[in-house]
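Comments concern the structure below.
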2 protein chains.
Amino acid sequence: MGDPIGDPAFEDLTARARIRDAAIRLFAERGIDGTTVRDIAQEAGVSPGLLRHHFGSKEALREVCDTYALDRLVKIKEEFYLEGKVANPGFLPSVHPTIVLLYKYLTRALLGGSSGAAAMFDEMVTLSEQWVRKHAPAVTEDYRAYAAVLVGMQSGLLAMHDHVSRTLGVDIFTTEGHLRMAGALADFYSHSLLDPEFVTKARAAMEPPRAPNPPTATGTDPGAEGA
Amino acid sequence: MGDPIGDPAFEDLTARARIRDAAIRLFAERGIDGTTVRDIAQEAGVSPGLLRHHFGSKEALREVCDTYALDRLVKIKEEFYLEGKVANPGFLPSVHPTIVLLYKYLTRALLGGSSGAAAMFDEMVTLSEQWVRKHAPAVTEDYRAYAAVLVGMQSGLLAMHDHVSRTLGVDIFTTEGHLRMAGALADFYSHSLLDPEFVTKARAAMEPPRAPNPPTATGTDPGAEGA
DNA sequence: GCAAGCACTATATGCGTGTATAGTGAGCTA
DNA sequence: TAGCTCACTATACACGCATATAGTGCTTGC
């Protein structure tokens, strides 16, 4: 019943807001299909009919949640980067639970085919593409694909959160787990795993003469070699 | 009605096999919850009751599909690596559609909490860990986390397949799309995106004295900076 | 003080779902 | 040919779901 979607606007302590927050929480945790209108109502402490009264339908509620979550995340980032909160050491820890929740929700939304989340994905790809062009232009020749893969992997990693947490023995959404994951991610981004020459050779061998070789679905992954 | 799960065993052209194949296809395409027993029956050209007759329940059918998909993938890989099909240029293209289907299915299974798929994930992490230790020991100090992130990203990328395909303008499960994605992936693995020194500095700044900094959920992602 | 409006509840309706049961007909065995 | 087995179908059942409708009581403005 607490409000994990940090400091809401004033008019927002209403039942309507409680419903929306409960929905985001449950959608994030159990998925859209895994959550019933009754679950949300119970979590929000209201009757199921009130959801319809305020939002019309489950789908409409979901869309409200989408835009709210997106908006909330943007607001937090603005606050962080634009309002000088970067310097405030207490800010990030204070919003961390909210951010975790929002990311979980948006990951679900991405998987569930939400158009708002899809738009966010596209925007992240565009931004990443620009970033790479500017700061690391040498890493690829196909910036668009590179950025798409980057964002896809990044958000996909979140989608696989359960499995990553399990193999790590620690929930990656706790501070400890996140630190561990972020460390590995940093290693990942800052050291090349494969020999560039090997890759160019492999590419050359695969592409030009006859290319009968759309390899396994995760072709270049060293991990997929086993079994 | 065609049988996309390549050359089945002889006794396998039975209705039972058709049901199983139809289930894998539909589960892969629409997800577990998005597929009804009736859908599967229709796709397999049988009556819904027959599913129960052969498999007992939808959940039991799902488990059969899990182990079958896993088994099938292993078989194909064995055939490829162990039976000298590596040299055969026609082999990969011939099994490509099957592999795509199996990967789609297994990604769904991963997302849907299948225990078999989870075991596969764990095994892939272990194999990746061994591979990194052996072939690229310098990239990290935390091999386990590195491998978990590697496999998580790789499978997560598949989970985000719709979005990646959309931003790329080409389905990554077609030969063309896959080639493009694999190229970006190869760039990704063979060039470091971030300056190692920058990362070690950042790590040092974050870790030791006070660590009020469990950054955003995708902290180190350059793409997440924007907005 | 009174009526209108609105947040909210209780209850009902219809549908899609997984599952259960009874029945049918072809093929095999004796 | 008689009878049995078993793959398979048709139909029914029970249930959970989203959604719809009717009703209630508090709040507000006049």
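The values are calculated or read from the model by the stated rules, or taken from the named source; none is laboratory data. All values reported here derive from a predicted model rather than from experimental measurement. Cβ placement follows ideal geometry from the backbone for every residue including glycine, while neighbour counts extend to all protein chains displayed. Accessible surface areas use protein heavy atoms only, side chains included; no ligands, DNA or RNA. Shrake-Rupley method; radii C 1.70, N 1.55, O 1.52, S 1.80 Å.
Annotation note: Cβ proximity below 6 Å between a residue of segment B:33-48 that is within 14 Å of chain A (Cβ to nearest Cβ) and a residue that is more than 7 Å from DNA strand C (Cβ to nearest atom) and modelled with pLDDT of 95 or more (sequence gap 6+ or interchain) occurs for B:Thr35/B:Leu26; B:Thr35/B:Phe27.
Put simply, of A:Glu43, A:Glu59 the only residue that is in a helix (DSSP H, G or I), in contact with a helix residue (DSSP H, G or I) (Cβ under 7 Å, 6 or more places away or on another chain) and within 16 Å of DNA strand D (Cβ to nearest atom) is A:Glu43.
Scanning segment A:160-178 for residues that are closer than 20 Å to B:Asp162 by Cβ and open to solvent by less than 10 Å² (accessible area, probe 1.4 Å) yields one hit, A:Met160.
When B:Ala69 is tested against (1) more than 14 Å from every other protein chain (Cβ to nearest Cβ); (2) away from DNA strand C (no atom under 13 Å from the Cβ); (3) buried (at least 20 other Cβ atoms within 10 Å of the Cβ); (4) not polar (S, T, N, Q), only condition (1) is not met.
Scanning segment B:163-199 for residues that are in contact (Cβ under 8 Å) with a residue 40 or more places away in the chain and within 23 Å of A:Arg108 (Cα to Cα) yields a single hit, B:Phe173. For segment B:18-31, the condition holds for at least one residue, the condition being that it is in contact with a Leu (Cβ under 7 Å, 6 or more places away or on another chain), within 20 Å of B:Pro97 (Cα to Cα), at pLDDT below 95 and within 9 Å of DNA strand D (Cβ to nearest atom). Looking only at segment B:180-223, which residues are at pLDDT below 50 and of a type in the set (Val, Ile, Thr)? Within segment B:180-223, B:Thr216, B:Thr218, B:Thr220 meet the criteria.
Scan segment A:158-179 for residues that are more than 16 Å from the chain's Cα centre (by Cα) and of a type in the set (Asp, Glu) and the total you get is 1. For A:Lys77, state whether it is open to solvent by 50 Å² or more (accessible area, probe 1.4 Å) and either closer than 28 Å to A:Ile172 by Cα or without any contact (Cβ under 8 Å) to a residue 12 or more places away in the chain (or both). No: the conditions fail for A:Lys77. Within segment A:111-159, the set of residues being in contact (Cβ under 8 Å) with a residue 40 or more places away in the chain and open to solvent by less than 10 Å² (accessible area, probe 1.4 Å) comprises A:Ser114, A:Ala117.
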